[in-house]
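The values are calculated or read from the model by the stated rules, or taken from the named source; none is laboratory data. Everything numeric in this text was worked out from a predicted model, so none of it was measured. Cβ: placed from backbone, ideal geometry, glycine included. Neighbour counts: every protein chain shown. Heads up: the accessible areas ignore ligands, DNA and RNA and are worked out on the full protein's heavy atoms, side chains in. Shrake-Rupley method; radii C 1.70, N 1.55, O 1.52, S 1.80 Å.
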Amino acid sequence: MRFQTRFLATSCLIIVSSLAGAAFGQQTRDQAVAAMRKVDAKEMDATYTTAARFAQKLVDEALAKHPEILLIAIHAAPPGHKNLIVASNFGRIGKIGDEDDMRCIRTGKSNLEISEKGDHFEDELILQDSSGKTIGALGVVFNYKAGDDKAALEKIAIATRDEMKARIKSLNSLFGPVQ
């Protein structure tokens with residue numbers, strides 16, 4: 001009887017420890033946003049502070065459809081502005097595109113990165129309109145731990161981008177009324 005009790009207690013402890021480790025290793029969207037670094041004022045376009053209406057709707061719909069996406073942002077160039085974040089689930093509207101953003105747009109090649117802490121995987125890929133014209137970039141971030149299937153996460157990012165592409169008539173449509 002003692003052996004069974006000890007075995008049961010040990011088994012329960014192992015199961016609870018495993019579940020707790022999995023739960024604590026993954027951030028919620030709110031936790032990920034709260035943990036983001038503060039953006040310096042020089043990284044921002046102070047004249048662009050409101051999310052593009054249709055672009056924001058695309059972001060919101062992508063998050064609703066893909067609960068595995070942690071963070072997402074659309075980078076594009078509004079009329080009269082440089083390339084910057086025009087819609088996201090973490091703010092930073094008006095943050096000017098950095099070298100990684102611009103390289104993705106210029107070359108058409110995705111930036112695939114694991115965060116410094118190793119807890120996030122980001123796929124930044126070109127964003128196109130429905131005709132196939134490159135209009136910006138889409139940054140998609142997932143929770144990640146060593147051994148996760150990066151190719152599977154990349155496929156989700158591509159599918160999300162393609163869902164948006166089918167609905168974007170042109171760069172200017174991102175800034176127009178919700179469709």
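For segment 91-140, give me the residue count where each residue is farther than 25 Å from His81 by Cα and either assigned to a helix (DSSP H, G or I) or not hydroxyl-bearing (Ser, Thr, Tyr) (or both).
If we filter segment 91-140 for residues that are farther than 25 Å from His81 by Cα, which is where we start, we get 112-122.
Next cut, either assigned to a helix (DSSP H, G or I) or not hydroxyl-bearing (Ser, Thr, Tyr) (or both) only: 112-114, 116-122.
Summing the residues that are farther than 25 Å from His81 by Cα and either assigned to a helix (DSSP H, G or I) or not hydroxyl-bearing (Ser, Thr, Tyr) (or both) in segment 91-140 gives 10.
A Cβ distance below 7 Å, combined with a sequence gap of six or more or placement on separate chains, defines the contacts here; from segment 149-164, residues that are under 15 Å from Ser130 (Cβ atoms) reach no residue that is part of a helix (DSSP H, G or I) and of a type outside the set (A, V, I, L, M, F, W, C). So how many residues does segment 104-121 have that are within 15 Å of the chain's Cα centre (by Cα) and surrounded by fewer than 20 Cβ atoms within 10 Å (Cβ to Cβ)? Residues that pass the stated criteria total 8.
Does Asp101 satisfy being buried (at least 21 other Cβ atoms within 10 Å of the Cβ), in contact with a strand residue (DSSP E or B) (Cβ under 6 Å, 6 or more places away or on another chain), modelled with pLDDT under 95 and not β-branched (Val, Ile, Thr)? First the steps, then the outcome.
Values: buried (at least 21 other Cβ atoms within 10 Å of the Cβ): yes; in contact with a strand residue (DSSP E or B) (Cβ under 6 Å, 6 or more places away or on another chain): yes; modelled with pLDDT under 95: yes; not β-branched (Val, Ile, Thr): yes.
Yes, satisfied.
Taking Glu124 as the residue in question, decide whether it is of a type in the set (Asp, Glu), closer than 30 Å to Ala46 by Cβ, open to solvent by less than 10 Å² (accessible area, probe 1.4 Å) and at pLDDT 95 or above. It is true that Glu124 is of a type in the set (Asp, Glu), closer than 30 Å to Ala46 by Cβ, open to solvent by less than 10 Å² (accessible area, probe 1.4 Å) and at pLDDT 95 or above. Of all residues in segment 41-84, exactly one satisfies the criterion of being over 18 Å from Leu125 (Cα atoms) and touching a Ser or Thr at 6+ places or on another chain (Cβ under 7 Å), namely Phe54. Anything in segment 16-37 that is open to solvent by 100 Å² or more (accessible area, probe 1.4 Å) and at pLDDT below 90? List them, or say none. Those that are open to solvent by 100 Å² or more (accessible area, probe 1.4 Å) and at pLDDT below 90: Leu19, Phe24, Arg37. Would you call Lys150 in contact with a helix residue (DSSP H, G or I) (Cβ under 6 Å, 6 or more places away or on another chain) and over 15 Å from His66 (Cβ atoms)? In short, no. Residues that are modelled with pLDDT of 95 or more and open to solvent by less than 10 Å² (accessible area, probe 1.4 Å) do occur in segment 140-153.
So that you can scan it fast, the table gives a plain yes or no per residue for (1) touching a Leu at 6+ places or on another chain (Cβ under 9 Å); (2) of a type outside the set (A, V, I, L, M, F, W, C); (3) farther than 18 Å from Gln128 by Cα:
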position	(1), (2), (3)
Lys42	no, yes, yes
Glu61	no, yes, no
Pro78	yes, yes, no
Ile85	no, no, no
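Can you find a residue in segment 63-86 that is surrounded by fewer than 13 Cβ atoms within 10 Å (Cβ to Cβ), modelled with pLDDT under 95 and part of a helix (DSSP H, G or I)? No, because not a single residue in segment 63-86 is surrounded by fewer than 13 Cβ atoms within 10 Å (Cβ to Cβ), modelled with pLDDT under 95 and part of a helix (DSSP H, G or I). The residue that is farthest from Glu154 (Cα to Cα), among those in segment 39-68 that are touching a residue at least 12 places away in the same chain (Cβ under 8 Å) and basic (Lys, Arg), is Arg53.
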